[in-house]
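Throughout, read-outs are computed from the coordinates displayed, never taken from laboratory work. These numbers come from a predicted model, not from an experiment. Backbone-built Cβ (ideal geometry, glycine too); neighbour counts: all protein chains shown.
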Protein chains: 4
Amino acid sequence: MTEFTMTATVSLETAKAVVEACEQKAEEIDNPMVITVANSEGNLIAQHRMDGAWLASVDISRNKAFTAAALDMPTHDLAEPSEPGNSLYGLQNTNEGRMVIFGGGYPLEKDDEVVGAVGVSGGAVEQDMEVAEAGVDAFEDLSS
Amino acid sequence: MTEFTMTATVSLETAKAVVEACEQKAEEIDNPMVITVANSEGNLIAQHRMDGAWLASVDISRNKAFTAAALDMPTHDLAEPSEPGNSLYGLQNTNEGRMVIFGGGYPLEKDDEVVGAVGVSGGAVEQDMEVAEAGVDAFEDLSS
Amino acid sequence: MTEFTMTATVSLETAKAVVEACEQKAEEIDNPMVITVANSEGNLIAQHRMDGAWLASVDISRNKAFTAAALDMPTHDLAEPSEPGNSLYGLQNTNEGRMVIFGGGYPLEKDDEVVGAVGVSGGAVEQDMEVAEAGVDAFEDLSS
Amino acid sequence: MTEFTMTATVSLETAKAVVEACEQKAEEIDNPMVITVANSEGNLIAQHRMDGAWLASVDISRNKAFTAAALDMPTHDLAEPSEPGNSLYGLQNTNEGRMVIFGGGYPLEKDDEVVGAVGVSGGAVEQDMEVAEAGVDAFEDLSS
């Protein structure tokens, strides 16, 4: 019998390093962002709103991280299946409005297990993705 | 070190002048409206529901102002990117249902900084936009 | 640097055994119950509503488990501190109404770490507690 | 006519310094906390959940900061007036459940103006207050 499942989850120290890497990239591309790191169960570990970043991004960043943790996949993979006529049309209305189906949320994985997620919002979707990917890269350097 | 960021925000006196200008335009086109002015962080400063204006517009007007403040852009710019297949599809489901992606919400800007927003609802979208623009014009006259 | 924190969490198999023990006790005292097992981050693993159990208990059972996991303590310990005049008065209004401050929710602990929680609702509070404690006992037998 | 009101709000850099001071005090008293800094309009600037801190504190910390910003006063001043029979009984049910009426939330003030707020949760109320006060002290050192 399997009494327990063991799960690793990102520490605050790791979360801070991921946020820091995102902030650096956001400064590099000169676009203030809101950055959130959540644990594998979608709950917040760290969130920073850079000066001048959109208010709307506070919610979007947090929920991109939630979505990526909750579905174990990047949020940009959800857009197409959520279109009218496709298989997951309506996904964006589930989970009390916390599902975000455009890019900028990524799971953080270790040994093929999700151990957290990062969500970035504040610019065009490609910019959000670029900044979030800098956080994923920093995470992978840390955990390798 | 940057300890603080300084932000200007519309005073109630300015908000009243914006609402007044919107009301005049709404009377001119004979369409009662709900008009909201919010500050740069999306919180309400003034809201008027003209006699006979739709109940639904109480929510929509407030959230058009919220959206314009929260994303620093007019709400009519959000419709196309939020369509299925486009980059921000799903934006309308974020921020606990407060994102409005059709016209009638405008940021109020001074020296390229958002200092507030106006949101109008009560007629066809073009009418909402016309009335809100009268408010923006009044604001620009005041702040120039 | 601490990259990760390792957490054990109850498996579905363990959760089923806890629910089963609660159901047996509920039948013994002849009072249908709703029983929920959550993981250490408050998210549901298993929930059963016994035939005839109160509808209200679907919410209460789930949120007793949430509360016990979210504060690492049994819910009956929260009643007194949450009374007017005591230190946590108002706790019952936090967490979007998910805090339950009367008995029937218990953390499940292994090696002094919370690895899940059980929440029971459907009878008088003492009955809820008796049934939930049967679940905790079953858990301790399993995990020892 | 007063067209605008000028408001200072804590920068992310200041918020980080406040959070850091709270974390140090939390380590000193050996009690992991969740710490949030909000701006003067109650919107989040930074939030950290220390390893092992209660899940319930994610919501409570954020809303203590919201409450302190939203009412320009420390949250511990709200407990007594919110008791049955007193003048603000029911305050804890307003603002969609975001009002927290026990200690741990403090406004951050500069020149007698609220420029932000800090909210701490994770221990007994006195511990939350002690940790939050370390953040207020750090803020005052920075801004003096």
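By a straight-distance test (C-alpha under 25 Å), which lysines pair with D:LYS25 as possible cross-link partners, with residues fewer than eight away in the same chain excluded?
Answer for D:LYS25, where 25 Å is the Cα cut-off: A:LYS16, D:LYS16, D:LYS64, D:LYS110, listed by chain and number.
Sorting A:GLU41, B:GLU80 on the 10 Å Cβ count, fewest up front, what's the list? Present the calculation step by step, with values, prior to reporting the outcome.
On the way: A:GLU41 21, B:GLU80 11.
Fewest-to-most ranking of A:GLU41, B:GLU80: B:GLU80, A:GLU41.
For C:THR2, place a label point 7 Å from Cα along the Cα-to-Cβ direction in every copy; what are the distances to the other copies, in nm, shortest first?
Listed shortest first, these distances are 2.7, 3.2, 4.8 nm.
What does the convex hull of the Cα atoms come to per residue for the range B:12-143, in Å³? Write down the numbers at each step before the final one.
Values: hull volume 12.2 nm³, N = 132.
So the per-residue Cα hull volume is 92 Å³.
Taking the number of other C-beta atoms within 10 Å as the exposure measure, put C:VAL125, A:VAL115, B:VAL37 in order starting with the fewest. Please list the in-between numbers first.
Details: C:VAL125 15, A:VAL115 24, B:VAL37 28.
Exposure proxy ranking, most exposed first: C:VAL125, A:VAL115, B:VAL37.
For B:LEU88, B:LEU12, what ranking results if the residue with the fewest other Cβ atoms within 10 Å of its Cβ goes first?
Numbers: B:LEU88 23, B:LEU12 12.
Least to most surrounded, the residues fall as B:LEU12, B:LEU88.
Shortest first and in nm to one decimal, what separations exist between D:GLU83 and its copies in the other chains, measuring from label points 7 Å along the Cα-to-beta-carbon line?
For D:GLU83, the inter-copy label distances come out at 1.2, 6.2, 6.2 nm.
Divide by every residue of the protein assembly as shown the summed helix terms, -39500 (n - 2.57) for each DSSP H run of at least 4, and state the resulting mean residue ellipticity at 222 nm, rounded to the nearest 500 deg cm²/dmol.
-12000 deg cm²/dmol
Which three lengths, in whole Å and largest first, does the protein assembly as shown cover when its Cα atoms are put on their principal axes?
Principal-axis extents of the Cα atoms in the protein assembly as shown, largest first: 76, 56, 51 Å.
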